[in-house]
1. Within the stretch 1-76, which GluC sites (Glu not before Pro) sit in a loop by DSSP and count at most 12 neighbouring Cβ atoms inside 10 Å?
2. Once a ≥ b ≥ c are taken as the square roots of the eigenvalues of the Cα gyration tensor of the stretch 1-58, is the result rounded (a/c under 1.5), prolate (a/b larger than b/c) or oblate (a/b not larger than b/c)?
3. Within 10 Å of each candidate Cβ there may be at most 15 other Cβ atoms; applying that plus a DSSP loop requirement, which trypsin sites (Lys or Arg not before Pro) in the stretch 33-99 survive?
4. For labels at ILE45 and GLU18 in the simple 7 Å Cα→Cβ model, what's the distance in nm?
5. What number, in percent, do you get for the relative contact order of the stretch 1-113 if the mean sequence gap of Cα pairs under 8 Å and at least 6 apart is divided by its residue count?
6. Using 0.36 nm times the number of residues separating ARG155 and ILE63, minus their current alpha carbon distance, what extension gain do you get?
7. Ignoring ligands, DNA and RNA, what percent of the accessible area of the stretch 11-61 is carbon or sulfur (1.4 Å)?
8. Could you give me the percent of Cα pairs per 10 Å distance bin for the stretch 1-103, shortest bin first, beginning at zero and ending with the bin that holds the maximum distance?
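The values are calculated or read from the model by the stated rules, or taken from the named source; none is laboratory data. Please read all numbers here as calculations on a predicted model, not as lab measurements. Note: ideal-geometry Cβ built from the backbone for every residue, glycine included; neighbour counts use all protein chains shown. SASA here: full protein model, heavy atoms, side chains in, ligands and nucleic acids out. Shrake-Rupley method; radii C 1.70, N 1.55, O 1.52, S 1.80 Å.
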Amino acid sequence: PQGLQNLLEGLATQSIPENSMLSICVIDNDCSGENSNVINNLKEIYAKTSIDLFLVTEEKRGIVAARNRGVAEFLSRKQDFLLFIDDDEWPANDEWVTQMIAAQEKTDADFIYSDVLSHPEVPKINWTKKVMGRQKKREDLSQIKKFYTGNLLVRRNVFEAYPEPFDE
C-alpha cells in the first residue's frame with residue numbers, strides 16, 4: 001500500500017498534454033481492502049486535478065489477471081493510449097506522461113518503453129537491477145528488443161487486436 005500511495009502521489013502532479021485526458025485505473029486483486037483506503041485518502045488531492053482516479057476490483061489473483069483487467073477497462077473507454085506503471089515505481093518528474101506521449105508522437109510507435117528504477121517495499125530486493133537490467137538510463141528513441149510492462153505506453157489498436165494479451 002505504501003508503494004501505491006507514493007505512485008499515486010507522483011501521478012497526481014503530472015502535467016498533461018493539451019487536448020489530453022488522463023485516467024488512472026488501479027486494479028486491486030489483493031482483496032485486503034488496503035488499496036481502497038489509499039484511493040479514498042487521495043480523493044481530495046485528485047479532486048483538484050483533471051485526472052480521473054478510480055479503483056476496480058479483480059477477483060482473480062495474480063499480475064496476469066490484473067493486467068488483462070486493466071486492458072479490458074481501457075478498451076471500455078475512449079482513450080488512445082494505455083500507460084502501465086507498477087506500484088513499486090513512480091515517475092521521476094512531473095513530465096513523465098508528457099514525455100511518453102511526445103516520444104510516441106515523434107516515432108509513431110505502437111509501444112513506448114522507458115527505463116525505470118523500481119523501489120521495492122523491502123529494500124534488500126534488488127532483483128530488478130540484476131535480472132532485468134533496468135538501471136540503465138537511455139535518452140534516445142532507439143528500438144529495443146525487450147521491455148517490461150512496468151513503464152510502458154501502448155497504442156489502442158494493439159489491444160483491439162489482442163484484447164487479452166497477457167498469459168501465465
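1. Values: sites: GLU9, GLU18, GLU34, GLU44, GLU58, GLU59, GLU73; in loops: GLU18, GLU58, GLU59.
Loop-located and lightly packed - GLU18, GLU59.
2. Details: a/c = 2.25, a/b = 1.79, b/c = 1.26.
Prolate is the answer for the stretch 1-58, as a/c is 1.5 or above and a/b outweighs b/c.
3. Answer in residue order: LYS48, LYS60, ARG61, ARG77, LYS78.
4. 2.9 nm
5. Numbers: 112 pairs, mean separation 42.9, N = 113.
Relative contact order comes out at 38 percent.
6. Details: separation 92, 0.36 × 92 = 33.12 nm, distance 2.06 nm.
The span from ARG155 to ILE63 would gain 31.1 nm if fully extended.
7. Working: 1380 of 3080 Å².
Using a 1.4 Å probe with all protein chains present, the stretch 11-61 comes out at 45 percent carbon and sulfur.
8. Bins of 10 Å from zero give 14, 48, 34, 4 percent of pairs.
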